[in-house]
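Working notes for the structure below.
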Amino acid sequence: MKRDIPLDDLQFATRCVHAGVYKDPLYNSVVTPIYPSSTFYFEGPRQTSGYDYTRTKNPTRDALEQNLASLEGGAGATAVATGMAAIATVLHLLPAGAHVIAGNDIYGGTYRLFSSLMPARGLRFSLVDMGDPGAVAAAFEKDTALVWIETPSNPLLRLTDIAAVCALARARGALSCADNTFLSPYLQRPLALGADLVVHSTTKYLNGHSDVVGGAIVAGTRELAERVAATANALGTTCSPYDAWLVLRGIKTLPLRMQAHQKNAAALAAFLAGHARVERVYYPGLASHPDHDLARRQQHGFGAMLSFDLEGGEAAVFRLVERLKLYAFAESLGGVESLIEHPASMSHAAMTPAALTAAGIGPGLVRVSVGVEDERDLIADMAQALAALD
Ligand SMILES: *Cc1c(COP(=O)(O)O)cnc(C)c1O
C-alpha cells in the first residue's frame, strides 16, 4: 500500500499525523475508518483476516496503538478504556504477593487503587518521596516487582529522575512503569530513559479535547507488549473502536496544542509568581522550582500544569473559582479549555488528611490545567478574580 509509510526516519510531528493511520486499502481513506464490528468472519478453518473478535484486536484500535508505540518509542501498545484501566492492567502483570514502590503524591485515583483495592488482592505498596533516590533505594524488598513513576507529580509538579530510578529498579530485577499523562510523549519519553512501561490517561493531552475517557500502555519490548495485550484481553480492559478513533484524531494536533498550552502556562506562572495574594507557585519552568534543572535535562518542555498556594486557604480558593469566568471549576486536565480545581476537596479527596499533609497538599492549594485560549484573556481573568479577594 502506497500510504504504508516507514516511520523510523520521520520526525515526531509527522508521526503524530501518519503513524498507524492507513487502514483502508479498499477506498484509500486518508482518515482511519471506525470498524465497530464486534466480530470478524473466518475465511475458512483457522483462517482469519488477522482479526476475529474486537475485545482482542480491532483495526481502528490497532491504528491508535501503532501510533502511540511510535510516539513513545515502544515496541507495542495496548489502548484501553481509561487511564485507570491502564494502571489496573499493569498491576495484573505482577505475581501474587508482589511489592510495589510508588510516590507519596501520585494521582488520586492511582492512590485509591494502590491503597484500597489492590492490597485486598495481595499486593503491597510502599509510598515514598520519589524525588529522593536514596529513599527509593531503601524501599526495595525481596519481592519488589514494580517501581511506579509519575513525573511531574500531581498536584505539586515534583519531579522524579526517571533514569536514576529506572536504573535502581533494573539492578534489582523489578519492572519500572512511568505514568506520562502530564507531559505526553511530545515533552517526555520515559522508555528512552530506561523505563520498561509507560501508561497514559489518553483522556488528557493525547486526546486533548475533553470528549473521551481512555488509556494506554506502551511497552519497551515485544515480549512485554505481548504480555500486556494478553492481560488486557483477559481482563477485558481494551477500549472501543469509537474511542480509539477520537484519540487518534486528537493526537494529530498534539505538538501544536502542547506548544500553545505551555506558552500560556509559562505566562500565567510568571504572572502568579509576582502576585501578592499568591504564596507560592509550583511550575517546573520557573527557575525557583526545586527541580528546574532536572526538568531542563529530562523533559523537552515544562508542560502546562501548574499549582499555587493561595493566601487565605480554602475559603479564598472557593471565592476565587466563583469569580473566574474562563477557567471551568472542574477536575481533569489536558483539554483545550482551561480548568481549575481544589485538590484537597476534589482530585485528591481520596487521601486521608494525614496523607494530604505528608504530601504537602494544603487547603489553599489550587491546580490549573492551562488551556490554549489567548494568554491575555487568561491572565486578565485571573487578575480580576484575584483582585476581588481584597
Ligand atoms: C487522569 C489521570 C489518570 C486516570 O485516568 P482516567 O482516564 O481518568 O482513568 C491517571 N494518571 C494521571 C496522572 C491522570 O492525570
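The values are calculated or read from the model by the stated rules, or taken from the named source; none is laboratory data. Quick caveat, the model's predicted, so the values are computed rather than measured. Every residue, glycine as well, gets a Cβ built from its backbone with ideal geometry; the counts of neighbours run over all protein chains shown.
Is it true that some residue in the range 147-164 is more than 16 Å from the ligand (Cβ to nearest atom), more than 12 Å from N104 (Cα to Cα) and assigned to a helix (DSSP H, G or I)? Within the range 147-164, one or more residues are more than 16 Å from the ligand (Cβ to nearest atom), more than 12 Å from N104 (Cα to Cα) and assigned to a helix (DSSP H, G or I). Take L168 and tell me if it is away from the ligand (no atom under 16 Å from the Cβ), within 15 Å of the chain's Cα centre (by Cα) and not in a loop (DSSP other than H, G, I, E, B). When the stated conditions are applied, L168 does not pass them.
In the set (1) within 16 Å of the ligand (Cβ to nearest atom); (2) surrounded by fewer than 24 Cβ atoms within 10 Å (Cβ to Cβ); (3) under 28 Å from A13 (Cβ atoms), H92 fails one condition alone, (3).
For the range 172-209, give me each residue that is part of a loop (DSSP other than H, G, I, E, B), within 11 Å of the ligand (Cβ to nearest atom) and either of a type outside the set (A, V, I, L, M, F, W, C) or within 16 Å of L91 (Cβ to Cβ) (or both).
Matches in the range 172-209: N180, T181, T202, T203, K204, Y205, N207.
Flag: Y107 matches the condition of being under 24 Å from the mean Cα position of the chain (by Cα), at pLDDT below 95, of a type in the set (F, W, Y) and closer than 22 Å to A232 by Cβ. Residues in the range 347-369 that are at pLDDT 90 or above, out of contact with any Lys or Arg (no Cβ under 9 Å at 6 or more places or on another chain) and either in a loop (DSSP other than H, G, I, E, B) or hydroxyl-bearing (S, T, Y) (or both): I361, G362, P363, G364.
Against the list (1) outside the structural domain of L378 (by TED's automatic domain parsing); (2) outside any loop (DSSP other than H, G, I, E, B); (3) within 16 Å of the ligand (Cβ to nearest atom), the condition N233 fails is (3).
Of the conditions (1) away from the ligand (no atom under 15 Å from the Cβ); (2) of a type outside the set (K, R); (3) surrounded by 20 or more Cβ atoms within 10 Å (Cβ to Cβ); (4) at pLDDT below 95, A63 satisfies every one except a single condition; which number is it? Failing condition for A63: (4). Take the conditions touching a residue at least 24 places away in the same chain (Cβ under 8 Å), away from the ligand (no atom under 15 Å from the Cβ) and either touching a strand residue (DSSP E or B) at 6+ places or on another chain (Cβ under 6 Å) or small (G, A, S) (or both) and apply them to A98. Does it pass? Here the answer is yes, as A98 does meet what is asked.
Here is the figure for the range 78-109: residues that are aliphatic (A, V, I, L, M) and under 20 Å from T151 (Cα atoms) total 11. Count of the range 210-222 residues, restricted to those that are within 9 Å of the ligand (Cβ to nearest atom) and of a type in the set (D, E), is 0. Comparison of G334, G360 shows that the only residue that is closer than 20 Å to M382 by Cα and in the same structural domain as A266 (by TED's automatic domain parsing) is G334. Being of a type outside the set (K, R), surrounded by 24 or more Cβ atoms within 10 Å (Cβ to Cβ), in the same structural domain as I101 (by TED's automatic domain parsing) and within 18 Å of S369 (Cβ to Cβ) is a description that applies to L206.
This table checks each residue for (1) under 27 Å from A137 (Cβ atoms); (2) in a helix (DSSP H, G or I).
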{"site": "G50", "(1), (2)": "no, no"}
{"site": "A63", "(1), (2)": "no, yes"}
{"site": "Q66", "(1), (2)": "no, yes"}
{"site": "A79", "(1), (2)": "no, no"}
{"site": "A85", "(1), (2)": "no, yes"}
{"site": "V90", "(1), (2)": "yes, yes"}
{"site": "G97", "(1), (2)": "yes, no"}
{"site": "D105", "(1), (2)": "yes, no"}
